[in-house]
């Protein structure tokens with residue numbers, strides 16, 4: 001568990017190299033992002049926003065669980 005805005009931002013910068021492209025999506029009705037690598041979904045992030053700030057992120061990166069999601073409508077890029 002990573003806590004605090006600075007720590008979360010530092011972790012995000014470290015792991016951004018693993019995500020090829022981010023596609024904005026709704027996750028359970030809220031803001032989210034699907035990251036792709038080589039044109040395939042690599043992770044799904046759901047954000048909890050309060051007072052205009054992201055206060056929590058839920059990240060799904062399990063390939064087996066991602067494969068079971070309906071992500072047909074997500075346009076991905078291989079660039």
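What the table below lists for this structure:
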| item | result |
| --- | --- |
| Where a residue in segment 1-30 is under 18 Å from residue 53 (Cβ atoms) and its partner, wherever it lies, is assigned to a loop (DSSP other than H, G, I, E, B) and modelled with pLDDT of 80 or more, with Cβ under 9 Å and at least six apart | none |
| Every residue from segment 20-53 that is over 19 Å from residue 8 (Cα atoms) and surrounded by 15 or more Cβ atoms within 10 Å (Cβ to Cβ) | 20, 21, 23, 25, 27, 36, 41, 42 |
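The values are calculated or read from the model by the stated rules, or taken from the named source; none is laboratory data. Not measured: the values here are computed from a predicted model. Virtual Cβ from ideal backbone geometry, glycine too; neighbours counted across all protein chains shown.
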